[in-house]
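Here's the structure we're looking at; comments come further down.
The values are calculated or read from the model by the stated rules, or taken from the named source; none is laboratory data. Just so you know, these numbers come straight off a predicted model, no measurement behind them. Here the Cβ positions follow ideal geometry from the backbone for every residue, glycine too, while neighbour counts run over all protein chains shown. Note: accessible area is taken over every heavy atom of the protein model, side chains too, but ligands, DNA and RNA are not part of it. Shrake-Rupley method; radii C 1.70, N 1.55, O 1.52, S 1.80 Å.
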Amino acid sequence: MKPRVSDLTAIFFAVFGFTCWVLGDSCIKWIGQYGLPPEEIVAFMGLFMALTLALQAAVRRNLGNLRPHSVVRQVLRALLDMTNNVCVVIALRHLSLTMFYILVFTSPLVISLLSAVFIGERITPMKALALLAGFCGVVIAVAPWSHAQHIDLIGLVSCLVCVVCFSINMVWSRVLTRSETPESLAFCSGVVTAMAGLALTSVHPRPLTPTLWLALGMMGVFCAVGTLSFYVAVKYTSASNVSQYHYTQLLTGALISYLVWHDKPGLPMLVGGSLIIGSGLVIALAARYTEPVQLPDIAIR
């Protein structure tokens, strides 16, 4: 019997995965400046994700791990991933990295509620207060009452769709990892995303320079590694625990946004971001003393 991965190790995979996603999102935002249509970017993302995972499995001689147990459920879940990725590409064209992550940080609240309803994960009073504080931090950072703060409507709606798709996908993945390997979940997401993106891409794609090819490849690799790490994390600890480490993206996203695009966060962003990070740290510390969550006996066909 293989030793069980500890909650602490699963949390490391969560943080590493979310950091890789920030790097992937940064590539997406940079590529978007060259005018590539969202469906073409998503198609290349899925293609390079699938190739990266296939190469990794071939090197480790475990190609069998890429095979899905339930094709129908995997495809339906992967379509959520694909929709989320399209909305990420659109949102990053209209928002800074910092504001993008602040808006998508409503997902831990949604994930915790969905986890409590569908897979029986308990919300303690401390976790409830921390989630509420994090949500208040999002509201303060967005500052809808401020006329100086301009939030692009297309970016806002795209982020809301991201939150819905990501939250449902995360909770469902927590159930599917009982019968599916993390490799098969990530690989199926890549294949479905590539196929759907290619189906939507025009027959005359925009010419790609060597620099763009490099950026598209890096985007796919970062997304593949981040997705694989994410599925390893949700396999070995609760979805609500993993979701709290989503907050680390605010720090890395703000740093990259400042270094690359010279976006400086204002006072509302700093105050709201502090609340968000504080609430995440409370949950992170509490998670270390929480017993591993046992999933209910759900029949998986």
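From the protein chains alone at 1.4 Å, what is the descending order of accessible area for 170, 195, 218, 82, largest first? It would help to have the intermediate numbers written out before the result.
Details: 170 0, 195 130, 218 80, 82 30 Å².
I get 195, 218, 82, 170, largest accessible area first.
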Inset, instruction - Along Cα→Cβ, 7 Å out, is where each label goes; now give me the distance between the ones at residue 129 and residue 71 in nm to one decimal. - result: 5.2 nm
Inset, instruction - Whole number in Å², please: accessible area per residue of segment 157-204, 1.4 Å probe, ligands, DNA and RNA not counted. - result: 38 Å²
Legend entry - Full-stretch length increase - residue 62, residue 199 - with 0.36 nm per residue and alpha-carbon distance subtracted: 46.4 nm
Inset, instruction - Work out, step by step, the length gained on full extension between residue 214 and residue 160: first 0.36 nm times the residue separation, then minus their alpha carbon distance; give nm to one decimal. - result: 16.4 nm
Inset, instruction - For residue 274 paired with residue 251, estimate the spin-label separation in nm (one decimal), with each label point 7 Å from Cα along the Cα-to-Cβ line. - result: 1.6 nm
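What is the percent of Cα-Cα separations in segment 11-76 that go past 13 Å? Write out the running numbers ahead of the final one.
On the way: 1608 of 2145 pairs.
Beyond 13 Å sits 75 percent of the P(r) for segment 11-76.
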Inset, instruction - Apply 1/(1 + (r/R0)^6) to the Cβ-Cβ distance of residue 139 and residue 118, taking R0 = 22 Å, and write down the FRET efficiency to the nearest 0.05. - result: 0.25
Legend entry - Descending Cα extents along the principal axes, segment 78-117, whole Å: 34, 24, 8
Legend entry - Accessible surface of segment 38-174 [probe 1.4 Å, protein heavy atoms]: carbon and sulfur percent: 73 percent
Inset, instruction - Please give every one of the aspartates and glutamates within straight-line cross-link reach of residue 127, meaning a C-alpha to C-alpha distance under 18 Å, and leave out same-chain neighbours fewer than 8 residues apart. - result: 7, 291
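Between residue 179 and residue 262, what's the calculated FRET efficiency when r is the beta-carbon distance and R0 is 45 Å? Round to 0.05. Present the calculation step by step, with values, prior to reporting the outcome.
Details: r = 47 Å, r/R0 = 1.05.
That pair, residue 179 with residue 262, gives E of 0.45.
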